[in-house]
Amino acid sequence: MSGAVENTGRDVPATRQDDGLFGPDSISWRLFADPASALGAVCGVLLQALEPGMMTLFSKVSVNYADSVGRAARTAKYLDTTVFGDTVHAHAAGESVRRMHAHAQWTDERTGHTLRADDPAWLEWTHHTLVWGILRSSEMYGPRLTPAERDRFVVEQHRAAELVGLDPSGLPRTHAELDTYIHAQVDRLAVTLPAAEATAGLRKPSLRGNPITVASSVVIQDGIIALLPDWARTMYGIAGRPMSLGGAARVTGWLMAAARRNKPYEKLIADMLTDVDAHPYRKVRAADGRRR
């Protein structure tokens, strides 16, 4: 754990007990504070949805499994808390998710087989796809990292893996190892009906509304699709719309660069800390827990 917040010299609320699991010198703070991280997180969610058993369970135990926007918002709040919150709130968030996973199970009456959300293989897939997606977004849209920094980020995120119950000793320790893991899962992945329903908006976006807003939204969506491995795009049956994925990726890169110019890194961090401290995860869970 990093040193106490009072020693960092940053203007953060006095109620914070410490710098949390990562701290201001971490690669995790640098990446998760950047606007491109949101695109990487969505990329990770799209990869997660290709796990057939996990999506089957999700569709059986959640009345809101097709609410991708709402789920993304709640997932973002969890990530914000575990990355930027103090240690107490990070662990509270992890405990809450472990408790939710422990209760999320469904038994197929035809086979008698029980699916459990805390299946270690599923927890690993969920963790690794997020880390991979964040790194992929960094590679394409910034902020740029050296190979050593990418490896450091992979190891830093072992702390996040521990929060959900994973043993970090068996997890990838380099970006190359993580990449090998992701591509090695292809044979067990598929687009199930729940996955297709949950990603319908991405595959066929709405074109209604303000033309400028719609065009920007579609470009960003294609920028996210460009992050996916070729085999994932093939599974989803997604081609670039309405421009090539390469063109969408270039425009997305420009938009991310513009967002950084509008809000410098120091301001991004300060706003993130203020938001997390003002809305601790335990309060969010009390309001959102029933909707997961």
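Among all positions in segment 171-180, there is no residue which is assigned to a loop (DSSP other than H, G, I, E, B) and small (Gly, Ala, Ser). Got at least one residue in segment 142-152 being in contact with a Pro (Cβ under 9 Å, 6 or more places away or on another chain), at negative phi and either charged (D, E, K, R) or buried (at least 16 other Cβ atoms within 10 Å of the Cβ) (or both)? For segment 142-152, residues in contact with a Pro (Cβ under 9 Å, 6 or more places away or on another chain), at negative phi and either charged (D, E, K, R) or buried (at least 16 other Cβ atoms within 10 Å of the Cβ) (or both): absent.
Of all the criteria given as (1) open to solvent by 30 Å² or more (accessible area, probe 1.4 Å); (2) at pLDDT 80 or above; (3) not in a helix (DSSP H, G or I), the one not satisfied by Gly209 is (2).
Contact annotation: residue pairs with Cβ atoms under 8 Å, 6 or more positions apart or on different chains, pairing a residue in segment 40-57 that is hydroxyl-bearing (Ser, Thr, Tyr) with a partner that is surrounded by fewer than 21 Cβ atoms within 10 Å (Cβ to Cβ), are Thr56/Trp106; Thr56/Leu115; Thr56/Thr192; Thr56/Pro194. Summed over segment 163-178, the residues that are surrounded by 18 or more Cβ atoms within 10 Å (Cβ to Cβ) and under 14 Å from Asp151 (Cα atoms) give a count of 4.
For first residues located in segment 189-206 and within 23 Å of Ala121 (Cα to Cα), partners that are acidic (Asp, Glu) and lie 6+ apart or on another chain with Cβ distances below 7 Å form the pairs Leu189/Glu51. Scoring Leu39 on the criteria (1) over 30 Å from Trp254 (Cβ atoms); (2) among the aliphatic types (A, V, I, L, M); (3) modelled with pLDDT of 90 or more; (4) in a helix (DSSP H, G or I) leaves a single failure, condition (1). Taking segment 45-146 as the region of interest, the helices (runs of 4 or more DSSP H) fully inside it that hold 1 or more residues being within 18 Å of the chain's Cα centre (by Cα) and more than 28 Å from Gln221 (Cα to Cα) are 87-103, 120-141.
The values are calculated or read from the model by the stated rules, or taken from the named source; none is laboratory data. Note that this is a predicted model, so its numbers are computed, not measured. No Cβ is skipped: glycine too gets one built from the backbone with ideal geometry, and neighbour counts run over all protein chains shown. For the accessible areas, the whole protein counts, side chains as well, though only heavy atoms, and no ligand, DNA or RNA atoms are used. Shrake-Rupley method; radii C 1.70, N 1.55, O 1.52, S 1.80 Å.
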